[in-house]
Every structure is written in C-alpha cells, then in structure tokens.
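Enquirer: Would you mind keeping the following structure in view while I ask a few things?
The values are calculated or read from the model by the stated rules, or taken from the named source; none is laboratory data. Quantities reported herein were computed from a predicted structural model and do not represent experimental measurements. Here the Cβ positions follow ideal geometry from the backbone for every residue, glycine too, while neighbour counts run over all protein chains shown.
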Amino acid sequence: MKQKKEKSYISIFFTALLVYGINCIVFQPPLKPDRYSYPRKVCFSNIGRLSGAVETYNMNNTPMMTELDLKRLIDSHYLKEEVKGSEPECRYYSQGDLTNDGVICCELHGCLTASATSKIAKEREKKLAEEKYKDELFISCARALAPILYLMFALMQ
C-alpha cells in the first residue's frame, strides 16, 4: 500500500518567498538617470541663468527690465545667445514685475516657486507622475507573478 506524501505548506511558502526574492533581483530596474526629472532640472537651471542675467541688467541700467526681454539681454551682452530649453516646447516668460517679486517661468516645466507654476506645467507633472506609477506597477506585477504561479501549482498537487 502506498503512503501519501504530506505537503509541507511552510516549505512551499518559503520557496515562494525565495522565488519572489529572486524576481526582485531579476526585475530590478536598471540604474539610469530619472527620465522624468532630468529635463525639468535643465530647464530650472536655465531659469536661474535668466534670472541672474536680468538681475545684473537691472543693477547696471536705469530703465530697469520689468518683464523678460531676451533680445535686450542678448543685445546688451548679458547673455551670449538665446537660452534653449531642455525640450522643444520650452518657452520662457515672466510673471509679475521683475524689479520686485516677479519670477521667470517655463511654459512646459513651470516656475521655481510652486505657487507661480502654470496650469500646463501642473498637467504635465501629473501626466509624468502617472507614467512613472504605471512603470512601477508593471515591475511590481512582474515580480509577484512567478511566486503566485508557483504557489498555485504547488498547492494543486
């Protein structure tokens, strides 16, 4: 007479944990710069350059610059050339009076201060956050799939 082998549920559970651990290593996203934040960092660096140029212009000239005028900054040699954005849609503009508390912003990435960020920039940040969430969700699902399948087949036997 044959004897039935008893399933060791504890060993099945620990094996599933081991498979999950291996999947976490295999499905580790490659080390690379964050594709969601790099263009924004470049754009904010450009905003800093423009702010410095406007501030220097205002210290040296009597009719001060109250709103961003890139042509005047280039003609007066405060900028060597036109500042190019990190993406083709980047366009720089000013909000408020630059002699007081005005700020320089990008239409695509927004301003250095969150309160002055444009609606377009806020929508873009929301879209990028959703894309990042979807990528992370896919990786999490891929990590969990093999242990779940292993548990199903191990418990069915």
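Enquirer: Take the residues of segment 36-66 that are outside any helix (DSSP H, G or I) and over 29 Å from the mean Cα position of the chain (by Cα): which is surrounded by the most Cβ atoms within 10 Å (Cβ to Cβ)?
Expert: Step one: filter segment 36-66 for residues outside any helix (DSSP H, G or I), giving 36-37, 61-66.
Still in the list and also over 29 Å from the mean Cα position of the chain (by Cα): 61-66.
Working: Asn61: 12, Thr62: 5, Pro63: 6, Met64: 13, Met65: 21, Thr66: 15.
It comes out as Met65.
Enquirer: Could you please let me know if Leu149 is surrounded by 15 or more Cβ atoms within 10 Å (Cβ to Cβ) and more than 25 Å from Ser37 (Cα to Cα)? Steps first, please.
Expert: Numbers: surrounded by 15 or more Cβ atoms within 10 Å (Cβ to Cβ): no; more than 25 Å from Ser37 (Cα to Cα): yes.
No.
Enquirer: If Arg143 satisfies all but one of (1) out of contact with any Phe, Trp or Tyr (no Cβ under 8 Å at 6 or more places or on another chain); (2) surrounded by 12 or more Cβ atoms within 10 Å (Cβ to Cβ), what's the number of the condition it fails?
Expert: (1)
Enquirer: To continue, here is another question. So if I check each of Glu87, Glu81, which one is acidic (Asp, Glu), exposed (fewer than 12 other Cβ atoms within 10 Å of the Cβ), closer than 20 Å to Phe44 by Cβ and in contact with a helix residue (DSSP H, G or I) (Cβ under 9 Å, 6 or more places away or on another chain)?
Expert: Values: Glu87 fails: exposed (fewer than 12 other Cβ atoms within 10 Å of the Cβ).
The unique qualifying residue is Glu81.
Enquirer: Further question: Hey, can you tell me all the residues within segment 47-96 that are more than 29 Å from Arg124 (Cα to Cα) and among the β-branched types (Val, Ile, Thr)?
Expert: Thr56, Thr62, Ile74
Enquirer: Between a first residue in segment 42-71 that is at pLDDT 95 or above and a second residue that is outside any helix (DSSP H, G or I) and surrounded by fewer than 13 Cβ atoms within 10 Å (Cβ to Cβ), which pairs have beta carbons less than 9 Å apart while being 6 or more apart in sequence or on different chains?
Expert: none
Enquirer: Are any of the residues in segment 26-39 of a type in the set (Val, Ile, Thr), within 30 Å of Glu136 (Cα to Cα) and at pLDDT below 75?
Expert: Filtering segment 26-39 down to residues of a type in the set (Val, Ile, Thr) leaves 26.
Subset that is within 30 Å of Glu136 (Cα to Cα): 26.
Of the ones still in play, those that are also at pLDDT below 75 are 26.
Scanning segment 26-39, I find at least one residue that is of a type in the set (Val, Ile, Thr), within 30 Å of Glu136 (Cα to Cα) and at pLDDT below 75, so the answer is yes.
Enquirer: Further question on the same structure: Are any residues in segment 73-102 assigned to a loop (DSSP other than H, G, I, E, B), closer than 17 Å to Asn60 by Cα and touching a residue at least 12 places away in the same chain (Cβ under 8 Å), and if so, which ones?
Expert: Ser76, Tyr78, Leu79, Leu98, Thr99
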